[in-house]
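All of the numbers you see were taken from the coordinates with simple rules; none came from a lab. Everything numeric in this text was worked out from a predicted model, so none of it was measured. Please note: Cβ atoms are built from the backbone with ideal geometry, for glycine as well, and neighbour counts cover all protein chains shown.
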Ligand SMILES: [Zn+2]
């Protein structure tokens, strides 16, 4: 960080002195110094605007990505049966934070989605060793072979 700052100060100074040198008439050192200061301030001004623009663009992009990620987490696809007599089933993309609706592919009616929350008893985690799990997997595989 300090290295970067020193590098920036050195670069700004070299550019300012270089530009002032180009306009130096070889007589007035005061004028040379004045132009060094003017070029330094101009560079600081331009850098500040540049950094502000880059910050703004990066922050805007980050906000968009965060909102997109947040929306994706709230989005889920649920298969629904239409309340029409045909009971057409279709997958619907549902956002948990919004009022959702979809159009039935059969009757072409717009259907609202109601979101219900319910609780369920948590299952006890299986306390098993690797050998136990291997035995379960082996049994499962043998059952699959029997079904073939
Ligand atoms: Zn329908």
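The rows are residues; the columns are (1) in a helix (DSSP H, G or I); (2) more than 39 Å from the chain's Cα centre (by Cα); (3) under 30 Å from residue 95 (Cβ atoms).
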| site | (1), (2), (3) |
| --- | --- |
| 6 | yes, no, no |
| 12 | yes, no, no |
| 16 | yes, yes, no |
| 33 | yes, yes, no |
| 41 | yes, no, no |
| 56 | yes, no, yes |
| 59 | yes, no, yes |
| 62 | yes, no, yes |
Q: Quick one: which residue in 76, 66, 40 is in contact with a strand residue (DSSP E or B) (Cβ under 7 Å, 6 or more places away or on another chain) and away from the ligand (no atom under 16 Å from the Cβ)?
A: 76
Q: Starting from residues that are out of contact with any strand residue (DSSP E or B) (no Cβ under 7 Å at 6 or more places or on another chain) and farther than 12 Å from residue 111 by Cβ, keep the ones in the range 79-88 and report whichever is surrounded by the fewest Cβ atoms within 10 Å (Cβ to Cβ).
A: 85
Q.
Suppose we keep only residues that are more than 15 Å from residue 87 (Cα to Cα) and part of a loop (DSSP other than H, G, I, E, B) within the range 100-121. Which one would you say is farthest from the ligand (Cβ to nearest atom)?
A. 121
Q: Among the candidates 91, 125, single out the residue that is in a strand (DSSP E or B) and exposed (fewer than 11 other Cβ atoms within 10 Å of the Cβ).
A: 91
Q: Could you give me the residue pairs with C-beta distances under 8 Å whose first residue belongs to the range 84-95 and is under 17 Å from residue 73 (Cα atoms), whose second residue is within 14 Å of the ligand (Cβ to nearest atom) wherever it lies, and which are 6+ apart or on separate chains?
A: 92/79; 92/80; 92/102; 92/113; 94/113
